[in-house]
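Everything below concerns the one structure shown next.
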Amino acid sequence: MAPGTPAYRLFDTRVIRTRRLTPTFVRVTLGSPSLQHFAPWGLDQRLKLIFPRAGGRTTTQPWHGPFSANVDGLPVAEWRAALAGMTAAERHVARTYTTGSARPHECELDIDFFIHHPTGPASTWATTASAGDRVLVSGPDARANDRLHGIQWRPAEPPAVVLLLGDETAIPALNGIVASLGADTRGSIVLEADDVDACPPIERVPSGVSVRCVARAGRRPGDALAAAATTWAASDAHHARAAGAAFSAWMAAESSAIPHLRSVVADAGIPREFVHSQGYWNFGGHRAAS
């Protein structure tokens, strides 16, 4: 570990290109010379994006205070203090997302945005962003070699059996987690969505892991996932119990749905230490980490 290197720091980036992956997903590719130091740890690693005011287009001064200058390399404590010290009218919006494909050798980083409706600040920015637009990324610095910070997926040992539950916002994290699984891993992935045909596919899934998409169909976010988890508990939980510490569960969805999901899995006899969970957004608040 390089002395004094923070686990996370700001990367002052510019949009290189955008691509509409599906009707509900936009991929924004960011670039900056400093991204050569971005740690490509993958999995479900979180980062923060700091956006300009009003999308950076409808105001003459989209960046305020210290953020109006180059802030590349700023540690987390310093940029948070800078945000806290700004007036409400000037304060920039910060949202949590999942690291997409990181290519340090090309100084590029992909972030996949699920477009909520109605759109929040992040979705609005993603759908209107164009080459040259600025966005700040608080992400991992490879020189710190900290492979734990911001990562929720931490199995005690390489899992032989998995249960992965998520909604649209969890797809980038699911792809990162699935990429780490061994070819002989068994288990289930369940994805909840308003439109299951509009979601990017989960890639590189081991042949022994099933993927099921369930439609929200007007129900409260998380209800379809809970129903699928209940089905899993009745039909497949015995495989998880038999695997012991070689089983690992992960779930990420709307925040209020997470306690119920954890309860379903716990009632199936799965110890808490084998379950990793996180609320990725708030119903009506759109604080997504996708």
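Pairing each residue of region 113-124 that is within 17 Å of Asp167 (Cβ to Cβ) with any residue that is assigned to a loop (DSSP other than H, G, I, E, B) and not acidic (Asp, Glu), provided the two are 6+ apart or on different chains, yields C-beta distances under 6 Å for Phe114/Ser290; Ile115/Thr24; His116/His286; Gly120/His286; Ser123/Ile115; Ser123/His116. No other residue among Arg204, Arg212, Arg219 is in a loop (DSSP other than H, G, I, E, B), of a type in the set (Lys, Arg) and closer than 20 Å to Val264 by Cα apart from Arg219.
The residues listed here are Ile270, Ile258, Ile202; of these, the one that is in the same structural domain as Pro172 (by TED's automatic domain parsing), touching a Ser or Thr at 6+ places or on another chain (Cβ under 9 Å) and surrounded by 13 or more Cβ atoms within 10 Å (Cβ to Cβ) is Ile258. As a summary of the residue check, Pro159 satisfies the conditions (1) assigned to a loop (DSSP other than H, G, I, E, B); (2) surrounded by fewer than 20 Cβ atoms within 10 Å (Cβ to Cβ) except for the one numbered (2). Looking only at residues of region 129-156 that are among the acidic types (Asp, Glu) and not in a strand (DSSP E or B), we find that the one that is farthest from Thr119 (Cα to Cα) is Asp146. The number of residues in region 102-129 being modelled with pLDDT under 95 and either among the hydroxyl-bearing types (Ser, Thr, Tyr) or on the phi > 0 side of the Ramachandran plot (or both) comes to 5. Does Pro172 satisfy the condition of being assigned by TED's automatic domain parsing to the domain that holds Ser255, surrounded by 15 or more Cβ atoms within 10 Å (Cβ to Cβ) and either in a loop (DSSP other than H, G, I, E, B) or touching a Gly at 6+ places or on another chain (Cβ under 6 Å) (or both)? Yes; evaluated as a whole, the condition is true for this residue. Within region 238-248, one or more residues are outside the structural domain of Ile50 (by TED's automatic domain parsing), buried (at least 20 other Cβ atoms within 10 Å of the Cβ), among the small types (Gly, Ala, Ser) and touching a strand residue (DSSP E or B) at 6+ places or on another chain (Cβ under 9 Å).
The values are calculated or read from the model by the stated rules, or taken from the named source; none is laboratory data. Nothing here was measured: the structure is a model prediction, and the numbers come from that model. Don't worry about glycine lacking a Cβ; one is built from the backbone with ideal geometry, like all the others, and counts go over all protein chains shown.
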